[in-house]
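Peer 1: What follows is a single structure, and I will ask about it in a moment.
The values are calculated or read from the model by the stated rules, or taken from the named source; none is laboratory data. Values in this document were obtained by computation on a predicted structure and should not be read as measured data. A quick note on method: Cβ atoms are made from the backbone with ideal geometry, for glycine too, and the neighbour counts reach across all protein chains shown. Ligands, DNA and RNA are excluded from the accessible area calculation, which covers all protein heavy atoms including side chains. Shrake-Rupley method; radii C 1.70, N 1.55, O 1.52, S 1.80 Å.
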Amino acid sequence: MERLQKVIAQSNIASRRKAEVLILEGKVKVNGIVVKELGVKVNKNDEIEVEGVLIKKAPKKVYLLMNKPTGYLVTNSDEKNRKTIIELINEEYDGFRIYPIGRLDIDTSGLVLLTNDGELTNLLTKKEQQIDEEYIVRVSGVIVRKKLIEIRKGVTIRKKYLMKAKEINLIEIDKNTQTTLLRVVVNDETRNRNIKLMFEEAGFPVKTLTRTGFGFLNLEGVIRGGYRELKVHEVKKLFALK
């Protein structure tokens with residue numbers, strides 16, 4: 001339930017203050033009944049008229065945090081009929097035109113944000129934004145301390161671009177499988193594709209890659225293939241990145 005004047009303002013017919021004036025003047029009807037009080041609340045099924053014009057309420061803003069499995073495309077549709085993360089969302093969100101913010105490769109798993117809020121999408125995709133993203137990476141081969149130090153200094157990719165992560169921390173070395181598990185943090189254009197290229201160029205091909213953090217957000221409590229709605233304070237914190 002939302003206050004009537006707020007719903008009118010969201011429809012772009014009038015500002016909230018002007019909507020309050022229209023209500024007090026008896027120019028607003030809810031389900032055919034004139035409303036003259038400012039405290040009235042309405043729901044999505046109520047029919048609202050302003051000066052005889054039926055208004056269409058703005059759709060609810062939806063903010064989801066998903067734990068993407070591998071094998072799914074981060075997109076709304078695919079011409080090759082491959083699986084997309086939208087297929088993982090329940091029917092309760094049908095009609096909200098939800099779409100992912102940013103991308104992850106089909107073979108990369110982990111944290112993805114989805115929304116129908118264009119303002120937040122534009123904010124988070126601005127090139128100047130420096131939002132830390134955390135990845136857990138398992139690579140083929142054993143990375144010894146000396147080699148790890150070299151990779152931390154940066155690796156030249158395709159003979160022209162220096163890929164340097166903000167942080168690279170060793171988690172474990174599995175001598176049985178001859179693999180190394182690491183935590184990697186990046187915060188500009190050096191996203192998951194370049195993480196793969198960095199380790200491949202260094203001689204350690206990536207076996208698995210999972211995004212576990214986006215700024216202050218993480219995957220705690222969200223199972224693989226599942227999702228949750230962001231809390232109000234989390235959404236406000238994302239907008240505060242301005």
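Peer 1: Applying the selection to the stretch 162-191, what residues are hydroxyl-bearing (Ser, Thr, Tyr) and touching a residue at least 12 places away in the same chain (Cβ under 8 Å)?
Peer 2: 179, 180, 190
Peer 1: Identify, from the list 231, 153, 237, the residue that is more than 15 Å from the chain's Cα centre (by Cα) and of a type outside the set (A, V, I, L, M, F, W, C).
Peer 2: From the options 231, 153, 237, the qualifying one is 153.
Peer 1: I need a count of the residues in the stretch 120-142 that are over 26 Å from residue 179 (Cβ atoms) and either assigned to a loop (DSSP other than H, G, I, E, B) or open to solvent by less than 40 Å² (accessible area, probe 1.4 Å) (or both).
Peer 2: Counting residues in the stretch 120-142 that are over 26 Å from residue 179 (Cβ atoms) and either assigned to a loop (DSSP other than H, G, I, E, B) or open to solvent by less than 40 Å² (accessible area, probe 1.4 Å) (or both) gives 11.
Listed here are the residues, each with its yes/no results for (1) open to solvent by 60 Å² or more (accessible area, probe 1.4 Å); (2) at pLDDT below 95.
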site	(1), (2)
158	yes, yes
179	no, no
183	yes, no
190	no, yes
213	no, no
221	yes, no
240	yes, yes
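Peer 1: For the stretch 38-55, what are the residues that are over 14 Å from residue 2 (Cβ atoms) and either assigned to a helix (DSSP H, G or I) or among the charged types (D, E, K, R) (or both)?
Peer 2: 47, 49, 51 - these are the residues of the stretch 38-55 that are over 14 Å from residue 2 (Cβ atoms) and either assigned to a helix (DSSP H, G or I) or among the charged types (D, E, K, R) (or both).
Peer 1: Among the listed residues 151, 89, which satisfies the condition of being over 23 Å from residue 241 (Cβ atoms), β-branched (Val, Ile, Thr), surrounded by 13 or more Cβ atoms within 10 Å (Cβ to Cβ) and in contact (Cβ under 8 Å) with a residue 60 or more places away in the chain?
Peer 2: After applying the criteria, what remains is 89.
Peer 1: Tell me yes or no: at least one residue of the stretch 20-37 is part of a strand (DSSP E or B), closer than 29 Å to residue 92 by Cβ and in contact (Cβ under 8 Å) with a residue 40 or more places away in the chain.
Peer 2: No; the residues of the stretch 20-37 include none that is part of a strand (DSSP E or B), closer than 29 Å to residue 92 by Cβ and in contact (Cβ under 8 Å) with a residue 40 or more places away in the chain.
Peer 1: Right, residue 171: at pLDDT 95 or above, open to solvent by 50 Å² or more (accessible area, probe 1.4 Å), more than 28 Å from residue 92 (Cα to Cα) and among the hydrophobic types (A, V, I, L, M, F, W, C) or not?
Peer 2: Spelling it out, residue 171 is indeed at pLDDT 95 or above, open to solvent by 50 Å² or more (accessible area, probe 1.4 Å), more than 28 Å from residue 92 (Cα to Cα) and among the hydrophobic types (A, V, I, L, M, F, W, C).
Peer 1: Also, quick follow-up: If you go through the stretch 223-238, how many residues are open to solvent by 70 Å² or more (accessible area, probe 1.4 Å) and aliphatic (A, V, I, L, M)?
Peer 2: Count: 2.
Peer 1: I would also like to ask the following. Of the conditions (1) within 18 Å of the chain's Cα centre (by Cα); (2) surrounded by 16 or more Cβ atoms within 10 Å (Cβ to Cβ); (3) modelled with pLDDT under 95; (4) more than 30 Å from residue 28 (Cβ to Cβ), residue 163 fails just one. Which one is it?
Peer 2: The failed condition is (1).
Peer 1: Identify, by number, the condition in (1) hydroxyl-bearing (Ser, Thr, Tyr); (2) within 13 Å of the chain's Cα centre (by Cα); (3) open to solvent by less than 20 Å² (accessible area, probe 1.4 Å) that residue 109 doesn't meet.
Peer 2: In the conditions (1) hydroxyl-bearing (Ser, Thr, Tyr); (2) within 13 Å of the chain's Cα centre (by Cα); (3) open to solvent by less than 20 Å² (accessible area, probe 1.4 Å), residue 109 misses (2) alone.
Peer 1: Could you tell me whether any residue of the stretch 50-61 is surrounded by 14 or more Cβ atoms within 10 Å (Cβ to Cβ) and within 28 Å of residue 186 (Cα to Cα)?
Peer 2: The answer is no; no qualifying residue exists.
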